[in-house]
Every structure is written in C-alpha cells, then in structure tokens.
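J.: Let me begin by handing over the structure; questions about it come next.
Derivation of every value follows stated rules applied to the coordinates shown; laboratory data play no part. Remember, predicted model here, so these are calculated numbers, not experimental data. Cβ coordinates were reconstructed from backbone atoms using ideal geometry, including for glycine residues, and neighbour counts include every protein chain displayed.
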C-alpha cells in the first residue's frame, strides 16, 4: 500500500502537537526553517505577537510551557493542500488544561502552516484571544508572573 504525501504530513503535524504538549521543543524546532520564518499568535497578551527567528520561537515555546504547563491538544482535523514545495496545512484543535485556580481552560483554534520541502516556515495561529488572555490573568493571579510578561517578538 502506498502512503500519500498528505497522510505523511498529517502524521507529522499531529506528532508535533504532541511534542509541544510534552515540552519537547527540540523536536518541534527541528522541523522549522532557520530562515524566512513567521510565527504569529493572535492576541495582546504574553503569548501574542510575531516571531521571525528560532531563538525567539524557542523562548515563546518555553513560555507556553511555563504559563500553561499541562496544556493538551486534541487535534480534530488536519487538512493538507499543495505539492511538497508549496504545502498549506490547516490543523484544527482544542486546547485544554486545568488552571492553577482549578478552572477549566478550553480553547478551540487552528493553525495555518506553510511548508516547503518538509520544513515549516510560516504559522498563523487563531484561537479565542479573550480565553487566552483570561487564562493568563488567572495563572498570574495564582503566582505565574510570566503570564503577564511582555510579548516575545522578533
């Protein structure tokens, strides 16, 4: 049986979300371009902003792991379009965790990812920014100061 390009990419995207939730940022960053990188996370909060280099993106992932340490992703759909030299992926997911004050955090969203020859170079992340900001505020009130830190941008 021949495995399709779309199924290979879908499997890799799902594995990358699992790596994020497992705080394996080296694995995540290994599949990301060293040049022409754009990572945009919507919202005016500690996770929002745009990054254009892997060093800033590594700091951003570390911040995600600090402010939402038990964040889980249920990837519901992965849509893959285009050839290997110009692939667009839309990954729909639901992010969940329990905040330090005991509240449930539930936020559905999606990533739009650009991939060239197996290397991701662009990420646009869309979710309910009000849920993110409210969750970060609760984490800060519970003692995670970095939840209110300035955006990491480059």
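J.: Given R₀ = 25 Å, what would the calculated FRET efficiency be for residue 81 paired with residue 50, taking r from the Cβ atoms and rounding to 0.05?
T.: Using R0 = 25 Å, I get an efficiency of 0.60.
J.: Take the alpha-carbon centre of the stretch 96-128, take the same for the stretch 17-79, and report the distance between them in whole Å.
T.: 8 Å
J.: Can you give the relative contact order of the stretch 5-147 as a percent, counting alpha carbon pairs under 8 Å and 6+ residues apart?
T.: This gives 24 percent for the stretch 5-147.
J.: Which part of the stretch 51-74 falls in the paramagnetic zone of residue 33, meaning amide N under 17 Å from the point 7 Å along Cα-to-beta-carbon?
T.: Residues 51-58 fall inside that zone.
J.: What 222 nm value per residue comes from the helices of the chain, counting each DSSP H run with n ≥ 4 as -39,500 (n - 2.57) and dividing by all residues, nearest 500 deg cm²/dmol?
T.: -10000 deg cm²/dmol
J.: May I pose another question? Need one word for the stretch 31-101: rounded, prolate or oblate. Basis is the Cα gyration tensor (sqrt eigenvalues a ≥ b ≥ c); a/c below 1.5 gives rounded, then a/b vs b/c decides.
T.: Values: a/c = 2.38, a/b = 1.30, b/c = 1.83.
Since a/c reaches 1.5 but b/c is at least a/b, the shape of the stretch 31-101 is classed as oblate.
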